[in-house]
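The values are calculated or read from the model by the stated rules, or taken from the named source; none is laboratory data. Predicted, not measured: the structure shown is a model, and the values here were computed from it. So basically every Cβ, Gly included, is an ideal-geometry build from the backbone, and we count neighbours across all protein chains shown. Each accessible area value is taken on the protein alone, full model and side chains, heavy atoms only, with ligands, DNA and RNA left out. Shrake-Rupley method; radii C 1.70, N 1.55, O 1.52, S 1.80 Å.
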Amino acid sequence: MFKKILIANRGEIALRILRCCKELKIQTLLIYSRADRRSLPVMLADESLCIGPESAVDSYLQQDLIIEIALKTGCDAIHPGYGFLSENSEFAFKCERAGLTFIGPSPSIIALMGDKQAARELVKRHGIPLVPGSEGVLSCAEEAKAVAQKIGYPVLIKASAGGGGKGMRAAYGPKELEVAYRQAVQEAEKAFGCGDVYLEKLITDPRHIEIQLAADKYGNVIHLGERNCSIQKYHQKLLEEAPAFGLSDALCSEMAETAVRAAKACGYDSVGTVEFLVDRDDHFYFIEMNTRIQVEHPVTESICGLDLIRLQIRSAAGKKLPLTQEQVLFRGHAIECRINAKSPGKITMLHFPQGLGVRIESSLYEGDEVSPFYDSMIAKIIVTGESRRQAVYRMRSALAELVIEGVSTNLSEMLLLLYRPDFVLGGYDTSFWEKNELFLKEAQLSASKGS
Ligand code: MV4
């Protein structure tokens with residue numbers, strides 16, 4: 001096992017990793033930016049080092065500096081958390097060359113899965129269902145039109161180096177497609193330095209279901225069930241739940257088994273997630289694989305009783321998976337709400353909900369500063385109940401109890417969301433936000449007027 005891990009992240013995930021290392025009796029070194037010098041993870045790590053100014057490019061993304069520090073301070077591994085360097089294969093390769101373990105899958109797997117089109121081609125060869133679309137990268141607008149003609153409109157152009165909705169463009173006819181193609185290529189070049197794009201049939205109002213996987217370096221792969229992540233606002237997830245309500249057990253098992261096959265196809269050797277879209281006829285399609293620990297991992301932990309960060313660290317250290325698929329048992333229902341700050345500022349008052357089935361993942365404390373430099377998520381509220389209904393009730397109570405003063409947040413919208421009929425019924429899809437936005441906005445407005 002590792003002796004000392006360098007944590008190359010901040011906020012709640014840095015804290016989550018720190019706590020796990022403590023349990024595993026692994027020393028921790030946290031690197032941080034100037035903006036985070038008074039943060040909770042900095043205070044709780046065994047050692048902390050300020051590595052640069054506020055901007056992430058000058059701090060959390062300083063690959064060579066981070067590796068140099070890890071070597072100088074006797075670390076044997078680096079945990080990247082999510083975001084920042086977590087899916088950067090170049091960084092993972094650099095760690096490997098420096099003799100450090102990157103806590104995640106092998107660098108070549110990160111590279112392969114980071115190329116979304118290459119990933120599609122690989123899993124297709126293994127018989128995994130894909131959204132109908134182009135084979136390989138598109139070479140010109142004419143080819144895009146030919147493919148679209150064949151599969152039928154509407155279609156969606158996606159960047160090979162994208163993922164998570166970045167650089168996607170829909171087209172409902174050939175004229176629009178020509179424009180969309182050029183814009184997508186340009187955008188992808190600018191954002192990722194690679195203009196490769198591919199095309200898929202646009203699935204209207206899909207459900208976004210992902211399968212959590214855990215694997216080791218000996219070819220063992222297990223799944224830890226699915227999560228429904230369909231409640232998103234402009235590709236930002238707001239609420240996730242497990243299991244996925246309104247999908248049959250048969251469908252979920254088939255998706256889980258398919259995800260395991262996809263992982264085996266690429267020799268996957270860490271925790272990871274396979275994303276699927278599910279259409280109105282309950283057909284499912286692979287869209288991409290995430291090779292990092294995800295923000296929403298606690299909902300899975302809550303229903304299967306496993307520590308995903310622990311599994312990830314152990315696997316990176318070359319330990320075998322500690323359990324078989326048959327030993328994975330699910331119980332209850334879990335929901336996570338993401339609390340985002342809508343403005344930076346100092347936290348003047350803070351009260352987190354507590355009680356049976358309530359878990360908080362946050363590094364926030366009273367007097368803490370929310371800085372404008374990073375992601376706006378400041379807390380995750382995770383509840384678990386015996387049934388979905390109980391989990392929904394628990395989340396309502398938890399959010400009603402939550403007090404965050406000093407910065408404005410999305411708390412009131414989240415609370416209202418939990419009373420929307422289509423959420424309560426549970427069969428919602430990715431159009432949930434658009435369909436409910438007006439209502440949520442109006443209610444927000446009247447709340448801010450104090451009525
Ligand atoms: C799609 C799609 C419809 N058809 N692909 C957005 C995130 C990225 N991982 C994939 N995304 C989508 N891909 C096809 N062929 C619709 C989305 C999508 C979406 C997916 C999941 C959750 C919310 C979403 C909101 C809008 C679009």
Using a 1.4 Å probe on heavy atoms of the protein chains only, the accessible area for SER371 in Å², nearest 10, reads 30
Taking HIS297, HIS351 and ranking on accessible area (1.4 Å, protein atoms only), highest first, one gets HIS351, HIS297
With Rg from the Cα atoms and Rh as the Kirkwood inverse mean 1/r over Cα pairs, region 229-291 has an Rg/Rh of 0.97
Counting every C-alpha pair in region 214-263, the percent lying more than 14 Å apart is 60
Treating only Lys and Arg (+1) and Asp and Glu (-1) as charged, each at its beta carbon, one finds that region 368-443 has a dipole about its Cα centre, in Debye to the nearest 20, of 420
dims of the chain, Cα set, principal axes, largest to smallest, nearest Å -> 60, 59, 46
Here the alpha-carbon Rg of region 316-431 over 2.2 N^0.38 Å rounds to 1.27
What the Cα atoms of region 160-212 span along the principal axes, largest first and in whole Å, is 33, 28, 12
Cross-link reach from LYS150 to lysines, straight Cα distance under 28 Å and at least 8 residues apart if same chain, gives LYS116, LYS124, LYS158, LYS166, LYS175, LYS201
To the nearest 20 debye, the chain has a Cα-centred charge dipole, built from +1 on Lys and Arg Cβ and -1 on Asp and Glu Cβ, of 560
Ranking LYS201, LYS346, LYS4, LYS320 from most to least accessible area with a 1.4 Å probe gives LYS320, LYS346, LYS201, LYS4
One can check that the equivalent ellipsoid of region 344-390, built from the alpha-carbon gyration tensor with semi-axes equal to the square roots of five times its eigenvalues, has lengths in Å, largest first, of 27, 12, 7
Kirkwood radius from Cα pairs of region 115-176 plugged into Stokes-Einstein at 37 °C, 0.692 mPa s, gives D in µm²/s equal to 266
Its Cα gyration tensor gives region 305-357 an equivalent ellipsoid whose semi-axes in whole Å, largest first, are 34, 18, 10
Using alpha carbon centers only, region 31-104 is separated from region 395-441 by a whole-angstrom value of 35
Per-residue accessible area, 1.4 Å probe, largest first, puts PHE432, PHE192 in the order PHE192, PHE432
